[in-house]
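Student: First the structure, which I've put down as structure tokens, then a few questions once you've had a look.
The values are calculated or read from the model by the stated rules, or taken from the named source; none is laboratory data. Being a predicted model, the structure only gives us computed values, none of them experimental. FYI the Cβ positions are ideal-geometry reconstructions off the backbone, even for glycines, and counts take in every protein chain you see.
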Amino acid sequence: MDEEDAAGMLQSASMVGVLVNNIKKVVKDHRVDDVSIFMNDVGVLFGENCATKANHKGREALITLFKFLEASGWLKAEWDFGDEQIIVRVYDCFESRGVKSDGVNCDFVAGLLKACTKLFLELNTVYCQEMKCITRGDDHCEFVIMSK
Ligand SMILES: [Zn+2]
């Protein structure tokens, strides 16, 4: 994904509309009360939509997508690619602005990171767990991503 691809996708797709429709689809599919799992699945679906609209794969395309999310005011992501795991530090996450909680809160972003990492890096099974969250007083949200 080059800059023009990402900008075109994010603008023409009307991100809010895509998000709303993703939520509607998952609501139809689910009959569970667990909002955490629900929002994670919405994030996965949105991530899949983003990744399939991208013309390029790979680490740079993944980072570029999140740069455009940053430019759109969603969040600021810092990626730390290790051999065993990927750490993503997320600052100013839209999902938790103004929210207070005892636990982690960013289930949508966890799903988004999971799906995008899986598809852009062409991995098999991917796990994403939020370890820190601004809602419980951490200065940023932090996600650990692992692949099997
Ligand atoms: Zn968070």
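Student: Would you mind finding the one in GLY103, GLY17, GLY98 that is loosely packed, with under 13 Cβ neighbours inside 10 Å, at pLDDT below 95 and in contact with a helix residue (DSSP H, G or I) (Cβ under 7 Å, 6 or more places away or on another chain)?
Tutor: GLY103
Student: Also, I was wondering about something else. If a residue has to be among the acidic types (Asp, Glu) and modelled with pLDDT of 90 or more to count, how many in segment 24-69 make the cut?
Tutor: Residues in segment 24-69 being among the acidic types (Asp, Glu) and modelled with pLDDT of 90 or more: 3 in total.
Student: Here's something else I'd like to know. Looking only at helices (runs of 4 or more DSSP H) that fall completely inside segment 32-148, which ones have 2 or more residues that are farther than 17 Å from ASN22 by Cα and within 16 Å of the ligand (Cβ to nearest atom)?
Tutor: Passing ranges, in order: 59-71.
Student: Pairs please, first residue from segment 123-144 and free of Cβ contacts under 8 Å to residues at least 12 places away in the same chain, second anywhere and surrounded by fewer than 19 Cβ atoms within 10 Å (Cβ to Cβ) and of a type outside the set (S, T, N, Q), Cβ atoms under 6 Å, 6+ apart in sequence or on different chains.
Tutor: The qualifying pairs are ASP138/LYS132.
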